Amino acid sequence: MKIKKAVFPVGGLGTRFLPATKASPKEMLPVVDKPLIQYAVKEAIDAGCEEIIFVTGRGKRAIEDHFDVSHELEMQLENAGKHDLLEEVRNILPDNITAVAIRQSRPLGLGHAVLCAKQVVGDEPFAVLLADDMIYGGRNPALSQMCDEFDKLQSSIVAVEEVDPSETHKYGIVKTALLDDRTGKLDSIVEKPLPENAPSNLAVVGRYILTPEIFAELENTEKGSGGEIQLTDAIASLLNTQDVYSYAYKGQRYDCGSKLGYLAATVEYGVNHKDLGDDFKAYLKGYVASLDQ
């Protein structure tokens, strides 16, 4: 089976970016000229997904509006002869892609957000993308790499990367038996262990491919770390009935849930921007040189 549906849990409050996120979703924070959520949606579409499922919460209407048609804006751009901008606006969500929004009524965690998508996903494998984690993979984005692995394995896959051992309490951590230099078969997975209890320093990051059996596990998963229903705990239960794999993707991840990661993404995407890159690099060189004076 192919991965055709992608779930985007976007109901979080974004407290680390207050007051910027008091009235605007954190997923709508711009990196250069596109919001975080647009980069993640494009990654899913490039990987072959045809249905985008937003699991939203209170105050998240701007996300739905961003991917909706704006007739007034398109008319203004067309009348002004701004055809390049018009084309870009129209392609935010291509015509062959459908988008659905589901309300997560209570903030009960990532696992609960994924469970909210059950009725739309149905009985097929699907992707989960966290917009906070921007992953630059060049011509072969992280989710595309994982979909290629899924074609071979036909099992759930979690994206992983090595983190500093002192940081394990911030992530789901896996113990895996390597099959090759990037793919491993999970032995165990645990949510946010202290460094002394962590089975490794291999952390799960914001890309998943999950089989539909995960929903039954989520329905029976009790609240865990932080008093929330953790997706990690449901995956740990899923290991009792089927294989789950880890995949160390090729690419650079930016933790845009943190201010420093967000700034790093803004700078590096700015440097590589097709229109602004050269001028921005020149500015940065001049600015850094001025700091040494």
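The values are calculated or read from the model by the stated rules, or taken from the named source; none is laboratory data. Quantities reported herein were computed from a predicted structural model and do not represent experimental measurements. Methodologically, a virtual Cβ is constructed for each residue, glycine included, from the backbone with ideal geometry; neighbour enumeration extends over all protein chains shown.
Some notes on this structure:
- Under the condition of being touching a strand residue (DSSP E or B) at 6+ places or on another chain (Cβ under 8 Å), more than 18 Å from VAL121 (Cα to Cα) and β-branched (Val, Ile, Thr), the residues counted in the range 197-235 number 3.
- Among the criteria (1) within 23 Å of LEU143 (Cα to Cα); (2) free of Cβ contacts under 8 Å to residues at least 24 places away in the same chain, the one LEU77 does not fulfil is (1).
- Filter result for the condition that a residue is within 22 Å of VAL41 (Cβ to Cβ) and either assigned by TED's automatic domain parsing to the domain that holds PRO125 or at pLDDT 95 or above (or both), over LEU143, LEU178: LEU143
- Only one entry in THR98, THR168 is closer than 27 Å to ASN220 by Cβ and hydroxyl-bearing (Ser, Thr, Tyr), namely THR168.
- Total residues in the range 242-275 satisfying the condition of being more than 16 Å from LEU143 (Cα to Cα), among the charged types (D, E, K, R) and either touching a helix residue (DSSP H, G or I) at 6+ places or on another chain (Cβ under 9 Å) or assigned by TED's automatic domain parsing to the domain that holds GLN38 (or both): the figure is 3.
- Evaluated against (1) in contact (Cβ under 8 Å) with a residue 40 or more places away in the chain; (2) more than 27 Å from PRO35 (Cα to Cα), LYS250 falls short on exactly one condition, (2).
- A residue that is crowded, with 16+ Cβ neighbours inside 10 Å, part of a helix (DSSP H, G or I), under 18 Å from the mean Cα position of the chain (by Cα) and on the phi < 0 side of the Ramachandran plot occurs nowhere in the range 171-186.
- Breaking point among (1) farther than 19 Å from VAL10 by Cα; (2) in contact with a helix residue (DSSP H, G or I) (Cβ under 9 Å, 6 or more places away or on another chain), for LYS152: (2)
- Tally, over the range 1-51, of residues that are basic (Lys, Arg) and either in contact (Cβ under 8 Å) with a residue 40 or more places away in the chain or in contact with a strand residue (DSSP E or B) (Cβ under 7 Å, 6 or more places away or on another chain) (or both): 5
- In this entry, SER200 passes the filter for residues that are touching a Lys or Arg at 6+ places or on another chain (Cβ under 7 Å) and polar (S, T, N, Q).
- Against the test of being over 20 Å from GLY14 (Cβ atoms) and over 21 Å from the mean Cα position of the chain (by Cα), the options LEU202, LEU218, LEU239, LEU210 yield a single qualifying residue, LEU239.
- Residue list for the range 173-187, filter: closer than 17 Å to ASN240 by Cα and in contact (Cβ under 8 Å) with a residue 12 or more places away in the chain: VAL174, LYS175, THR176, GLY184, LYS185, LEU186, ASP187
- Filter result for the condition that a residue is among the β-branched types (Val, Ile, Thr) and either in contact with a Leu (Cβ under 8 Å, 6 or more places away or on another chain) or without any contact (Cβ under 8 Å) to a residue 40 or more places away in the chain (or both), over VAL204, VAL244, VAL190: VAL244
- Residue count, the range 116-158 (criterion: part of a loop (DSSP other than H, G, I, E, B) and farther than 16 Å from ARG253 by Cβ): 8
- Answer residue from the range 240-293, given it is of a type in the set (Asp, Glu) and surrounded by fewer than 10 Cβ atoms within 10 Å (Cβ to Cβ) and is nearest to ALA159 (Cα to Cα) among those: ASP275
- Counting only helices (runs of 4 or more DSSP H) that fall entirely inside the range 1-115 and contain at least 1 residues that are more than 28 Å from THR232 (Cα to Cα) and not β-branched (Val, Ile, Thr), the qualifying elements are 61-66, 71-79, 83-90.
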